[in-house]
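Below: one structure, written as structure tokens.
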Amino acid sequence: MPPIPGSGLAKGLAVTLRTMTKRAHTAQYPEVQPELPPRSRGVIGLFEENCTVCMLCARECPDWCIYIDSHKETVPAATPGGRERSRNVLDRFAIDFSLCMYCGICIEVCPFDALFWSPEFEYAETDIHDLTHERDKLREWMWTVPAPPALDPCAEEPKEIAAARKAAEKAEAAAAAVAAAAAESGATPPADGTPDTPAGGTA
């Protein structure tokens with residue numbers, strides 16, 4: 001059966017009429033800021049106190065948009081008779097956001113949590129050369145990084161916390177045993193919770 005002449009036009013007008021009756025939603029940007037998802041990839045913030053200049057982020061970056069300069073300093077011995085040590089000092093940490101593809105590899109490979117995602121996205125420039133941001137600007141974005149999500153209450157306890165808790169409970173149990181033994185013998189337990197040891201003998 002051939003189509004009725006003008007049926008396509010009628011369908012198009014019907015769509016137009018249905019759309020005209022719907023309320024339009026207009027985002028009044030920049031007066032009203034958008035509500036971004038909590039894990040938005042806006043820009044990368046740098047917490048330089050955690051950076052050890054290991055260069056992992058620069059080596060793993062597929063775009064080679066991270067530039068790091070550093071120098072070595074000698075740290076004097078912490079104890080008498082110790083030896084001096086050398087450490088890397090960060091001189092420059094810059095990211096060229098005209099090359100960055102926001103893959104997040106640099107953040108994932110950082111072993112010391114020095115790089116974080118910030119939801120800031122308003123850093124457009126009129127000159128492409130101004131999109132290379134140095135560490136002072138990256139540090140400013142660090143303070144806009146949202147707090148990490150809360151831990152799952154049903155999740156397994158981290159091994160580090162479990163080990164520390166068991167060590168604390170063991171120390172408390174030992175101190176309680178010493179106090180109980182001292183109470184039975186009528187002696188005063190030492191302040192550190194360790195049993196008294198006679199000179200030249202064992203406890």
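Structure notes:
- Some residue of region 145-163 being in contact (Cβ under 8 Å) with a residue 24 or more places away in the chain and surrounded by fewer than 16 Cβ atoms within 10 Å (Cβ to Cβ): yes
- Qualifying residue in region 57-72 (condition: assigned to a loop (DSSP other than H, G, I, E, B), hydroxyl-bearing (Ser, Thr, Tyr) and open to solvent by less than 70 Å² (accessible area, probe 1.4 Å)): no
- First in region 56-71 and acidic (Asp, Glu), second anywhere and open to solvent by 20 Å² or more (accessible area, probe 1.4 Å) and assigned to a strand (DSSP E or B), Cβ under 6 Å, 6 or more apart: 69/91; 69/92
- Residue that is surrounded by the fewest Cβ atoms within 10 Å (Cβ to Cβ) [pool: residues in region 1-48 that are of a type in the set (Val, Ile, Thr) and under 29 Å from residue 100 (Cβ atoms)]: 32
- Residue in region 95-102 that is in a loop (DSSP other than H, G, I, E, B) and either touching a Pro at 6+ places or on another chain (Cβ under 9 Å) or on the phi > 0 side of the Ramachandran plot (or both) present: yes
- The residues of region 82-130 that are open to solvent by 40 Å² or more (accessible area, probe 1.4 Å), in contact with a strand residue (DSSP E or B) (Cβ under 8 Å, 6 or more places away or on another chain), aromatic (Phe, Trp, Tyr) and closer than 16 Å to residue 65 by Cβ amount to a single one, 117.
- Within this structure, residue 145 fails the test of being hydrophobic (A, V, I, L, M, F, W, C) and either farther than 27 Å from residue 29 by Cα or in a helix (DSSP H, G or I) (or both).
- Some residue of region 14-25 being farther than 21 Å from residue 143 by Cα, among the aliphatic types (A, V, I, L, M) and in a loop (DSSP other than H, G, I, E, B): yes
- Of everything in region 26-49 that is touching a Ser or Thr at 6+ places or on another chain (Cβ under 9 Å) and not in a loop (DSSP other than H, G, I, E, B), the residue that is farthest from residue 89 (Cα to Cα) is 43.
- Among the residues of region 67-106, those that are in contact with a helix residue (DSSP H, G or I) (Cβ under 8 Å, 6 or more places away or on another chain) and closer than 17 Å to residue 42 by Cβ comprise 95, 96, 97, 98, 105, 106.
The values are calculated or read from the model by the stated rules, or taken from the named source; none is laboratory data. Quick caveat: nothing in here was measured; it's all calculated off a predicted structure. Please note: Cβ atoms are built from the backbone with ideal geometry, for glycine as well, and neighbour counts cover all protein chains shown. When the accessible area is computed, the model is the full protein with side chains, heavy atoms only, and any ligands, DNA or RNA have been set aside. Shrake-Rupley method; radii C 1.70, N 1.55, O 1.52, S 1.80 Å.
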